[in-house]
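Here the structure is laid out as structure tokens; the discussion comes afterwards.
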Amino acid sequence: PRYWFVIPAAGIGARMGAGKPKQYLMLGDKTILEHTLLRILALPGLAGIVVPLSSEDSYWTSLTILQHPLVHTIHGGTTRADSVLSGLDYLADKSHALDWVLVHDAARPCVTVENIQTLCNELSDSDIGGILAVPVSDTLKQVVNKKEIQTTVDRSALWQAQTPQMFRYKLLRDCLTQTIANNETITDESSAIELCGYKPLVVEGRADNIKITRPDDLLLAEFILQQQQK
Ligand code: CTP
Ligand code: MG
């Protein structure tokens, strides 16, 4: 099958606190967003990539290497879920040829092609879809009043969600539309699917598929990219 991707890149990067949205910060010789897009563009069988951008974005046009026929930019929304739904809406007129869709954070430039292929292969028989994730390895504490430990949470069933998250196109569009209309808080696509009563799958990914969120993550990502190129 040929896969469409939505890569939301309309965030402002508040937790990064840089002078510009974090997807436009440099990692080595390229911006984070370019690293991410180049990884996805290397995927065999890619149908295309939809990139929701902020309507106030003034950085995209300087990324000349992204004048690529498979990359389509659109306007995103005020939340990540809105941005992703805009991407799915953009694909609606292509939906006759559309079965699966994959959503991947612009802020995860260290994802590997092999990992994405594993996700696609593992989910191919599912009617719903699923996500890359890694089992939680730290001991987890439930804390009250911001300082008092109440209990240690059993981590044996806990996984950290990553992206890509891959779902049947129509199902994801319906579930996102419904959960946004109901004002639910959804921080990833899987939550929308879960809230509508479906059971997505986890596929074990790599711990180095980090999301760049805070300043410390930049050095770590640079290191990971260097290691992966060896
Ligand atoms: N995103 C988006 N539209 C939004 C908010 C987020 O497309 N309205 C995208 C971001 O650009 C990012 C991905 O969703 O690639 C994951 O979001 P996050 O890491 O939270 O990025 P930001 O929202 O930009 O960061 P922050 O929450 O710190 O402001
Ligand atoms: Mg955010």
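A few points about this structure:
- Here the scattering of the stretch 3-228 is modelled by Debye summation over its C-alpha atoms, one equal scatterer each and no solvent; at q = 0.09, 0.14, 0.17 Å⁻¹ the log10 of I(q)/I(0) is -0.37, -0.91, -1.34.
- Look at where the Cα atoms of the stretch 61-118 and of the stretch 156-228 average out, and the two centres are 14 Å apart.
- Unpaired Cys in the chain, meaning no second Cys C-beta under 4.7 Å: CYS110, CYS120.
- Apolar share of the accessible surface for the stretch 3-228: 50 percent from carbon plus sulfur atoms, 1.4 Å probe.
- Of the peptides 185-192, 159-166, the order by per-residue mean of other Cβ atoms within 10 Å, starting with the highest, comes out as 159-166, 185-192.
- Diffusion coefficient, µm² s⁻¹, Stokes-Einstein with Kirkwood Rh over alpha-carbon pairs of the stretch 1-100 at 25 °C and 0.890 mPa s: 174
- Net length available on complete extension from LEU38 to ARG155 is 38.6 nm, with 0.36 nm assigned per residue and the Cα-Cα distance removed.
- Rounded to the nearest 500, the 222 nm mean residue ellipticity of the chain from helices alone is -8500 deg cm²/dmol, with -39,500 (n - 2.57) taken per DSSP H run of at least 4 residues.
- Lysines whose Cα lies under 30 Å from that of LYS30, excluding same-chain neighbours fewer than 8 positions away: LYS20, LYS22, LYS211, LYS230
- Leading residue at positive end of dipole, the stretch 1-149 (Cβ point charges), from LEU85, GLY17, TYR3: GLY17
- Compared with the alpha-carbon gap, the fully stretched path from LYS146 to MET26 is longer by 39.7 nm at 0.36 nm per residue.
- Accessible area per residue for the chain, computed on protein heavy atoms with a 1.4 Å probe, is 52 Å².
- Between SER55 and LYS170, the simple spin-label model (points 7 angstrom out along Cα→Cβ) gives 3.1 nm.
- Relative contact order (percent, whole number), the stretch 3-228, Cα cutoff 8 Å, 6+ residue spacing: 24
- Taking the Cα centre of the stretch 88-176 as origin and assigning +1 to Lys and Arg Cβ atoms and -1 to Asp and Glu Cβ atoms, the resulting dipole is close to 380 debye.
The values are calculated or read from the model by the stated rules, or taken from the named source; none is laboratory data. Values in this document were obtained by computation on a predicted structure and should not be read as measured data. So basically every Cβ, Gly included, is an ideal-geometry build from the backbone, and we count neighbours across all protein chains shown. The accessibility values were calculated without ligands, DNA or RNA, using every heavy atom of the protein model including side chains. Shrake-Rupley method; radii C 1.70, N 1.55, O 1.52, S 1.80 Å.
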